[in-house]
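Visitor: Encoded as structure tokens, here's the structure I'll be asking about.
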Amino acid sequence: MNLLHKKILFCVTGGIAAYKAPEILHRWIKAGCDVETILTEAAEEFVSPLVLSTLSKKRVWRERDFLCAEYGWQIPHISLTEWADLVVVAPAAANALRIAAVGDSSTLFGATLVANTKQLLIFPAMNENMLQNPAVQSHIRELRERGAIVVDPDFGLLACSSSGKGRLPSYNVIDDYVEMALSPKKDFTGKKVLVTAGPTHEYIDPVRFISNPSSGKMGYAIAKQAWNRGAAVTLVSGPVSLRKPTGIEVVNVTSADEMYDACLSRAAGFDVIVKAAAVGDYRPAHAEKQKIKRGHDEKFVLDLVQNRDIAAALGSVKSEKQILIGFAAETQNVQQNALKKLAEKNLDVIVSNDVLADGAGFGVDTNKITVTTRNGKTYHFNGTKNAAADAILNVATELIVR
């Protein structure tokens with residue numbers, strides 16, 4: 001998470017999922033956030049104010065602090081929202097959604113939301129029947145229409161022992177939404193971005209395949225940062241061991257042929273396409289249906305054929321308004337080979353790197369890249385893959401037709 005020095009006003013309301021509030025808060029503190037907490041009267045039945053104050057190293061604001069002689073003079077419902085960068089409600093019980101939607105300012109929690117002018121991020125959590133109640137759904141729609149980010153609950157086992165939609169999302173998902181809500185740039189709002197990531201597997205037989213060491217980290221970072229900046233993102237992913245990204249449509253593929261079909265069938269609907277996958281150039285001419293057994297011959301000859309070129313195919317069909325970004329992972333003549341690929345495949349941007357260089361190869365969390373545009377501009381970047389993803393998207397914004 002990139003949350004260092006961010007200020008979060010954390011509102012915990014009355015529901016069984018409130019027991020997760022200490023871990024949520026603790027993760028933000030570890031990430032370098034400054035957190036103030038409001039605990040509703042009902043939430044105090046599920047989580048101790050002392051636990052939250054110990055973790056945050058601050059007092060916890062309680063409903064009895066509202067308009068009281070001891071703390072009311074601080075006007076917490078005003079001062080806290082003016083201080084915060086983001087207001088988070090987690091969990092948001094059904095009544096909390098009502099309070100937020102109708103502007104009920106009779107409590108500290110309600111008055112705080114009425115006074116709030118910052119981004120509001122809400123995580124509903126409750127029984128599925130309560131969640132699907134027309135009144136609750138009406139409150140959610142109204143809040144979204146007014147600009148609040150209301151995150152759909154997860155499916156799973158609920159506290160009432162039934163299974164359904166109503167669980168508070170995982171800690172990772174909550175953190176992802178917080179990071180997205182706090183992203184300083186929203187320059188991809190209204191744009192659709194297609195990203196490819198990871199390796200492809202070209203099977204020789206049911207247990208063996210040809211591939212490469214790509215981890216998918218660069219492509220996943222680009223997808224995540226595009227989502228953080230407001231884009232609707234589709235990620236076409238080869239086989240990786242990375243966590244499924246939050247808020248992003250993921251299309252899982254295995255082979256280069258599958259990735260080709262997934263990209264070409266969707267390409268027309270996107271403003272920006274980023275070809276970050278390390279696609280296999282060749283595949284076995286024939287894949288055996290049964291495992292190939294070791295023979296007596298010292299050599300085993302494998303007949304390979306070329307895969308279809310996804311970047312070139314996308315370049316041949318892209319519209320004038322589309323931005324196509326390609327990658328060139330090289331081991332020699334890096335910039336020369338990258339510029340050749342930029343021209344031959346009708347790309348708008350080429351991102352090149354030397355995969356043999358320290359901190360720039362497959363599987364690491366950093367990258368050293370050169371970004372070159374079709375009009376000859378060149379940028380160099382050295383840093384984390386998340387930061388490199390932002391640098392690549394910055395270049396794309398210069399070319400997008402708005």
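Visitor: Translational D (Stokes-Einstein, µm²/s) of segment 299-393 at 4 °C and 1.567 mPa s when Rh comes from the Kirkwood sum over C-alpha pairs?
Guide: Stokes-Einstein gives a translational diffusion coefficient of 89 µm²/s.
Visitor: Provide the per residue accessible area, probe 1.4 Å, for the chain, rounded to a whole number of square angstrom.
Guide: 48
Visitor: For segment 146-244, divide the Cα radius of gyration by the Kirkwood radius and give the resulting Rg/Rh value with two decimals.
Guide: Using Cα coordinates only, the ratio equals 1.09.
Visitor: Moving on to the next point. Treating only the Cα positions of segment 226-318 as identical point scatterers, give the base-10 log of I(q)/I(0) from the Debye formula at each q in 0.13, 0.16, 0.18, 0.25 Å⁻¹.
Guide: The computed values of log10 I(q)/I(0) come out as -0.58, -0.78, -0.92, -1.41.
Visitor: Mind grabbing the accessible area of Arg308 for me, 1.4 Å probe, Å², rounded to tens?
Guide: About 100 Å², ignoring ligands and nucleic acids.
Visitor: Here's another thing I want to ask about it. Of the cross-linked pairs Lys340/Lys385; Lys192/Lys321; Lys275/Lys341, which ones have a Cα-Cα span greater than 18 Å in the structure shown?
Guide: Lys340/Lys385
Visitor: Quick check: at a probe of 1.4 Å, how many percent of the accessible area of the chain sits on carbon and sulfur atoms?
Guide: 50
Visitor: Something else about it: Would you tell me the accessible area of Ser161, worked out with a 1.4 angstrom probe on the heavy atoms of the protein chains, in Å² to the nearest 10?
Guide: Only protein atoms counted, so the area is about 90 Å².
Visitor: Given a cut-off of 16 Å, what percent of all Cα-Cα pairs of segment 338-393 lie beyond it?
Guide: So the portion of pairs separated by more than 16 Å is 42 percent.
Visitor: I would also like to ask the following. List, largest first, the extents of the alpha carbons of segment 2-96 along their principal axes, each in whole Å.
Guide: For segment 2-96, the Cα spread along each principal axis is 37, 29, 24 Å.
Visitor: In the set [x] 70, 49, 35; [y] 86, 50, 39; [z] 66, 45, 37, which value of Cα extents along the principal axes in Å was calculated from the structure you see?
Guide: [y]
Visitor: Using every pair of alpha-carbon atoms in segment 47-203, split the distances into 10 Å bins beginning at 0 and state the percent of pairs per bin, rounded to integers.
Guide: In order of increasing distance, the bins hold 9, 30, 35, 18, 6, 2, 0, 0 percent.
Visitor: On to the next question. Membrane-span-like helices in the chain: DSSP H runs reaching 18 Å or more (Cα, own axis), mean Kyte hydropathy at least -1.0?
Guide: Both cut-offs are met by 385-399.
Visitor: Using a 10 angstrom cutoff on alpha carbons, build the Gaussian network for the chain and name the most mobile of Asn252, Asn212, Asn333.
Guide: Greatest mean-square fluctuation among the candidates belongs to Asn333.
Visitor: Test of understanding: what is the full-extension gain from Glu398 to Val251, defined as 0.36 nm times their sequence separation minus their Cα-Cα distance?
Guide: Length difference between fully extended and current span is 50.1 nm.
Visitor: Determine the principal axes of the Cα atoms in segment 144-190, then give the extent along each, sorted from largest to smallest and rounded to whole angstroms.
Guide: For segment 144-190, the Cα spread along each principal axis is 43, 24, 14 Å.
Visitor: Right, here's the next one. With all distinct Cα pairs included, what does the Kirkwood hydrodynamic radius of segment 68-136 come out to in Å, to one decimal, could you say?
Guide: This gives a value of 13.0 Å.
Visitor: Normalized C-alpha radius of gyration of segment 40-99, against 2.2 N^0.38 Å?
Guide: 1.19
Visitor: Follow-up question, since we're still on this one. I'd like the antiparallel share, as a percent to the nearest 5, of DSSP beta bridges with both residues in segment 153-302.
Guide: Once the DSSP bridges in segment 153-302 are tallied, antiparallel ones form about 30 percent.
Visitor: Let me ask you something else. Given a Förster distance of 45 angstrom, what is the FRET efficiency for Gln137 paired with Val301, based on the Cβ-Cβ distance and rounded to 0.05?
Guide: For Gln137 and Val301, the calculated efficiency is 0.10.
Visitor: Let's test the formula: R0 of 22 Å, r as the Cβ-Cβ distance of Arg144 and Lys185. What FRET efficiency results, to the nearest 0.05?
Guide: 0.55
Visitor: May I ask for the net charge around Leu157, where only other residues with Cβ less than 15 Å from the Cβ of Leu157 are counted and Lys, Arg are +1 while Asp, Glu are -1?
Guide: With Lys, Arg at +1 and Asp, Glu at -1, the neighbours total +1.
Visitor: Can you give the FRET efficiency for Ala159 and Tyr203, using 1/(1 + (r/R0)^6), R0 = 41 Å, r = Cβ-Cβ distance, to the nearest 0.05?
Guide: The value I calculate is 0.35.
Visitor: Connecting C-alpha atoms closer than 10 Å in a GNM of the chain, tell me which of Ala338, Ala313, Ala18 has the biggest fluctuation.
Guide: Looking only at Ala338, Ala313, Ala18, the biggest GNM fluctuation is shown by Ala313.
Visitor: Quick one: compute a quarter of the convex hull surface over the Cα atoms of segment 173-219 and quote it in nm².
Guide: For segment 173-219, the mean projected area of the Cα convex hull comes to 5.5 nm².
Visitor: Can you give the extra length, in nm with one decimal, that the chain gains between Val51 and Lys293 once fully stretched, where that is 0.36 nm per residue apart less the Cα-Cα distance?
Guide: Length difference between fully extended and current span is 81.0 nm.
Visitor: Can you tell me which aspartates and glutamates have their Cα less than 14 Å from the Cα of Lys58? Leave out same-chain residues fewer than eight positions away.
Guide: Asp34, Glu36
Visitor: Looking at segment 95-171, which trypsin sites (Lys or Arg not before Pro) are in a loop (DSSP not H, G, I, E or B) and have at most 14 other Cβ atoms within 10 Å?
Guide: Passing both the DSSP loop test and the Cβ count: Arg146.
Visitor: Among Thr107, Thr54, Thr13, determine the one that fluctuates most according to a GNM of the chain built with springs between C-alpha atoms less than 10 Å apart.
Guide: Thr54
Visitor: Net charge within 11 Å of Arg208 by Cβ-Cβ distance, Lys/Arg positive one each and Asp/Glu negative one each, not counting Arg208 itself?
Guide: Combined, the nearby Lys, Arg, Asp and Glu give -2.
The values are calculated or read from the model by the stated rules, or taken from the named source; none is laboratory data. Because the structure is predicted, anything quoted here is derived from the model rather than measured. Cβ coordinates were reconstructed from backbone atoms using ideal geometry, including for glycine residues, and neighbour counts include every protein chain displayed. These accessible areas exclude ligands, DNA and RNA; they are computed on the full protein's heavy atoms, side chains included. Shrake-Rupley method; radii C 1.70, N 1.55, O 1.52, S 1.80 Å.
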